[in-house]
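In what follows, a structure is listed as structure tokens, so that the remarks can point back to it.
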Amino acid sequence: AVPRTRILATGGASHNKTILQVLSDVFNAPVYTIDTANSACLGSAYRAIHGLVAERNVSLADVVKSAPEPRLAVTPTAGAEEV
């Protein structure tokens, strides 16, 4: 089975529930957030760690297991996919 799509929102707009609800409704997917300062740099930091451990055959998925667990912020409004 294919896992359902989920959206991870970071940065300033991730604090605006209205924007998150629009994203959730448009993509018909739950939206999660993480409380991490400088979240724009987070992905590149994990890629850098991955590069450092690449010769040990460590996958990127294994590297990001240490990432903070995202929390559910909003879910799609019932019937939004029909609009």
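The values are calculated or read from the model by the stated rules, or taken from the named source; none is laboratory data. Quantities reported herein were computed from a predicted structural model and do not represent experimental measurements. Reconstructed Cβ throughout: ideal geometry from the backbone, glycine too, with neighbour counts over all protein chains shown. Just so you know, the surface numbers come from the protein's heavy atoms only, side chains and all, with ligands and any DNA or RNA stripped out. Shrake-Rupley method; radii C 1.70, N 1.55, O 1.52, S 1.80 Å.
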*Which whole-Hz couplings ³J(HN,Hα) result when phi for each residue of region 17-27 is put into the Karplus expression 6.51 cos²θ - 1.76 cosθ + 1.60, θ = phi - 60°, listed in order with x for Gly and Pro?*
4, 5, 5, 4, 5, 4, 4, 4, 5, 5, 9
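If packing is taken as the mean number of other Cβ atoms within 10 Å per residue, what is the order of 20-28, 64-72, 39-47, highest first? Display every interim value, and only then the final one.
Values: 20-28: 17.1, 64-72: 10.8, 39-47: 12.7.
Sorting 20-28, 64-72, 39-47 by mean packing, highest first, produces 20-28, 39-47, 64-72.
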*What residues qualify as long-range amide H neighbours of Leu8, i.e. H under 5 Å apart, gap of 5 or more or another chain, H built at 1.01 Å from N?*
Tyr32
*Under the Karplus relation 6.51 cos²θ - 1.76 cosθ + 1.60, θ = phi - 60°, what is the ordered set of whole-Hz ³J(HN,Hα) values for region 46-55, x standing for Gly and Pro?*
5, 5, 5, 4, 4, x, 5, 9, 4, 5
*asked:* Explain nothing, just compute: Karplus ³J(HN,Hα) = 6.51 cos²θ - 1.76 cosθ + 1.60, θ = phi - 60°, for every residue of region 69-79 in order, whole Hz, x for Gly and Pro.
replied: 6, x, 10, 5, 9, 8, 10, x, 5, 4, x
*Taking Cα pairs under 8 Å and at least six residues apart, what relative contact order does the chain come out at, in percent?*
39
_Percent carbon-and-sulfur accessible area, region 5-72, ignoring ligands, DNA and RNA, probe 1.4 Å_ = 58
_With the cut-off at 1.5 for a/c, could you classify region 24-73 from its C-alpha gyration tensor as rounded, prolate or oblate?_
prolate
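Could you give the size of the charge dipole of the chain about its Cα centre, using +1 on the Cβ of each K and R and -1 on the Cβ of each D and E, expressed in debye and rounded to the nearest 20? Please report the intermediate quantities before stating the final value.
On the way: 7 positive and 7 negative charges, 38 e Å.
The dipole magnitude comes to about 180 debye.
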*Towards the positive end of the charge dipole of the chain, with charges on Cβ (+1 Lys, Arg; -1 Asp, Glu), say which of Asn28, Cys41, Leu52 has the farthest Cα.*
Leu52
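Return one whole number: the accessible area per residue of the chain in Å², for a 1.4 Å probe.
Values: 5990 Å² over 83 residues.
About 72 Å² of surface per residue is accessible.
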